[in-house]
Amino acid sequence: MSEPSHTEHKAVGAPYDALILAGGKGSRLEGRDKGWVMHKGLPLIEHALACLAAQSTVPARILISANRNIDAYKQTGHIVVTDERADFAGPLAGIEAGLMRCKRNNLLVIPCDTPLLPSNLFVRLETALADNPATLAAYAVTADGPQPLCCLLRPSAAGWLAKYLDEQQAAAIKWLDQLGACAVHFDDTTAFSNFNTMEMFESLKPKGQT
């Protein structure tokens, strides 16, 4: 696959859409639908929505990638998209479904299991894209490594993603590297903690609570 070569520019402050990834199997959570696992009295999907509401610039639209409990996700009042590919093809399939519905605005992607995301996530990724108009994506990185599912994508990334998935590829960071994506460093590693195992949730419970 050749690298993208065109330039696509959007001014800082332009409207953007957001996509919450909640369409996985939940294999590390005993098969539970991750978005409805409770944390501090609220399901993770509500924490994800709160993270977006806390951004210094809020999204024009919010989409939720989900492949089960569709009606429950619709009760949040936001658009629900399902994978175009069969058999829980992974988070990139959810991103593909989101990009298919975002033809004009940049798309901020976040997982539903990172409830501590910083309020400057969007603005810092947006600045990186504005400073690098020839690239199609920017993503977060911390001292713990890349966070490829916390990313900002231009709409034209959709075609490149479809080709990548058609080749039976699934690694998000490899796809972003092929796009020439900008890595944006964040100091707070805790902000990108993944709440994706039962052990993680058990460790967060107050002592004596079962």
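Taken together, the values in this text are just the output of simple stated rules run on the coordinates, not laboratory data. Everything numeric in this text was worked out from a predicted model, so none of it was measured. In this analysis, Cβ positions are derived from the backbone assuming ideal geometry, glycine residues included, and neighbour counts consider all displayed protein chains.
Given their separation in residues at 0.36 nm each and the Cα-Cα distance between them, A162 and N132 gain 8.5 nm when the chain is fully extended. Summarising the amide proton neighbourhood of C182: residues at separation of 5 or more, or on other chains, whose placed amide H is nearer than 5 Å comprise A137, A138, Y139.
In a fully extended conformation the segment linking H39 and Q75 would gain 11.1 nm over its present Cα-Cα distance, using 0.36 nm per residue.
Between D187 and T57, residue separation times 0.36 nm minus the direct Cα-Cα distance comes to 44.7 nm. Here the Karplus relation 6.51 cos²θ - 1.76 cosθ + 1.60, evaluated at θ = phi - 60°, turns the backbone of the stretch 47-56 into coupling constants of 5, 4, 4, 5, 4, 5, 5, 8, 5, 4 Hz, with x for every Gly and Pro. What the Cβ-Cβ distance of R101 and R68 gives, at R0 = 22 Å and to the nearest 0.05, is a FRET efficiency of 0.70. Pairwise Cα separations in the stretch 16-203 fall into 10 Å bins from 0 onward with the following percentages, short to long: 10, 40, 39, 11, 0. Model label sites at E84 and N194, defined 7 Å from Cα along the beta-carbon direction, differ in position by 2.5 nm. Annotation: amide H of N106 within the under-5 Å range of D17, sequence separation 5 or more or interchain, hydrogens built in the peptide plane. Neighbour counts of C-beta atoms inside 10 Å place I95, I110, I62 in the sequence I62, I110, I95, starting with the fewest. Couplings 3J(HN,Hα) for the stretch 171-179, derived from phi with the Karplus relation 6.51 cos²θ - 1.76 cosθ + 1.60 (θ = phi - 60°), are 6, 5, 5, 5, 5, 4, 4, 5, 6 Hz, where x marks Gly and Pro.
Put in line by how crowded their Cβ is, counting other Cβ atoms within 10 Å and starting with the fewest, I70, I20, I64, I173 read I70, I173, I64, I20. The alpha carbon centroids of the stretch 87-120 and the stretch 125-179 are separated by 11 Å.
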